[in-house]
Amino acid sequence: MTNKDIWTRASELLGEAELSRRFRAWATNLVKRELAKRSNLKPDEFFLNQCKEIISHLNEVTGRRYTATPDVQAMIRSRMAAGYGVEDFQKVHKAMASRWLSDPKMRDYLRPSTLYRPAHFDEYLALHFADARQSATPGTVRSDSAKNATTVPDPMEQRQMVEKLMARPWWNFESWAEFMRWTMRFPDDKSLAQYEMPERIKRMRTAPGMVMKILRGSGAEWAETEYREIKNARENG
């Protein structure tokens, strides 16, 4: 069998999304082992260096003094086991600092226990890619200093945006993907928590890898089907 045949067969058995997740985790671990070997460090020493690099970047972005405690190491190890690397943590730091650092109510959430939580890490990482896409939009001109600066949201504009997002109910979307993209526009967890939706919808939103599946445009077929069923149940009373 060719590599393509193997991938196709595995995709049929596991599903494209699950196969991609497993491949990412396998490839990431392979890279980590190779880098550790080349660094002449034991695996535990190499992992500890990665933790220190991640936390050092978080402190640099937030102005805090977090340390790589055993609990923090456990959270980082869990995310890395899922296939994420040091650069992914750094992207999350930047994405959420641009939203929360200037907000007195939210800045305290710029901490490992919030940022590295499995249920949210994907969403925070997705915001980084959303920011990157917005920066690359034709006609948008940003100076180098603006690209590197922390974005300070205008409170009035943010409030108006949240009101607009709130005005469209959860059942008023043609597809699950459209609903997900809409709710991903909420600027923070606090405002999203005020958006009314069934508990099942909330759990579907935070399913492992859901945000990345939506961004890739594949792997969330089960959610599309269930979303339609929940909408139909509502319409039929």
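The values are calculated or read from the model by the stated rules, or taken from the named source; none is laboratory data. The shown structure was predicted, so the numbers you read here are calculated from the model rather than taken from an experiment. Reconstructed Cβ throughout: ideal geometry from the backbone, glycine too, with neighbour counts over all protein chains shown.
Identify, please: which residue in segment 156-188 is loosely packed, with under 15 Cβ neighbours inside 10 Å and part of a helix (DSSP H, G or I) and is, among those, farthest from the chain's Cα centre (by Cα)?
Filtering first and then ranking leaves 156.
Could you please tell me which pairs satisfy a Cβ distance under 7 Å, a separation of 6+ or placement on different chains, a first residue in segment 67-89 that is within 25 Å of residue 129 (Cα to Cα), and a second residue that is outside any helix (DSSP H, G or I) and basic (Lys, Arg)?
none
For segment 190-214, name all the residues that are crowded, with 16+ Cβ neighbours inside 10 Å and of a type outside the set (Phe, Trp, Tyr).
Residues satisfying the conditions are 191, 192, 197, 201, 204, 205, 209, 210, 211, 212, 213, 214.
Restricting to segment 106-126, what's the tally of residues that are at pLDDT 85 or above and either buried (at least 18 other Cβ atoms within 10 Å of the Cβ) or not in a helix (DSSP H, G or I) (or both)?
The qualifying residues number 10.
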